[in-house]
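Trainee: My structure is below; once you've seen it, I'll send some questions.
None of the figures in this text is laboratory data; all of them are computed from the coordinates on show. Being a predicted model, the structure only gives us computed values, none of them experimental. Cβ placement follows ideal geometry from the backbone for every residue including glycine, while neighbour counts extend to all protein chains displayed.
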Amino acid sequence: MGKKALLLSLLIVVGFFVFFLSKKNEVQDNTPGTYSAAIVTAENPATTDQMKAPAATAISDDSKTTAEFKQWFSSEAENVEKSASNPKVKELELRERVYNMQADEIRFLGKQSVDMSGPAKQRILATYLLTIAPNKTAETLFFVMEAPLQITGDAQVHSTDETLSAQEHSLRRMAIDALIEKARQDPRFKNQLNDRIPRIENIALQDYAKRRIRELK
């Protein structure tokens, strides 16, 4: 899976998120504030009674991550949809930013990627940033790939939980695809990835990873 495919994955996830919001708004009354309420519900699962997601698995203390970096990340996440207007330019800008990130900043992205209690835009952007430079972010991508899913069990059709579960799976597959791409470029990495795949608890995601690694020549 190449660079263009990874960017397309991000745009698909964003599009899926926007589509959900529009559908959520359609099924509710058109009173003022309904759309805003839908955004809050979709972006912050903790506001719903159905959501019982545990806290994200920590990989390290992120206290060393600067307030400046967190502010940049939050601002970029808020404007993630605008990236579709000129994706090539934005990808180059973000790629350069990732290559210059410190280790604690990359770990911070990993925690954001698997945190289903936070804004959807932030976990989408965090995952994408990790995928565009797998040579530098591989260990954090492993963390994302192996972290237990937070949205589990059977969800009601068309519910917030169903949508969040689909999103969580999509973001995990993005992490897997990035690791596959690294293995494609560096055959020595393939054995390491193959050894880590069994650590994926979700059978569907583990099967997906196994299928993708078998496709490597």
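Trainee: Taking K and R as +1 and D and E as -1, what net charge do the other residues with C-beta under 14 Å from the C-beta of ALA147 add up to?
Mentor: So the surrounding residues net to +2.
Trainee: Write out the GluC sites (Glu not before Pro) in region 115-217 meeting two conditions: DSSP loop, and at most 15 other Cβ atoms within 10 Å of their Cβ.
Mentor: GLU201, GLU215
Trainee: Ok, one more. Whole-Hz Karplus ³J(HN,Hα) for region 200-217, in order, using 6.51 cos²θ - 1.76 cosθ + 1.60 and θ = phi - 60°, x for Gly and Pro?
Mentor: 6, 6, 6, 5, 4, 5, 5, 5, 4, 5, 5, 5, 5, 6, 5, 6, 5, 8
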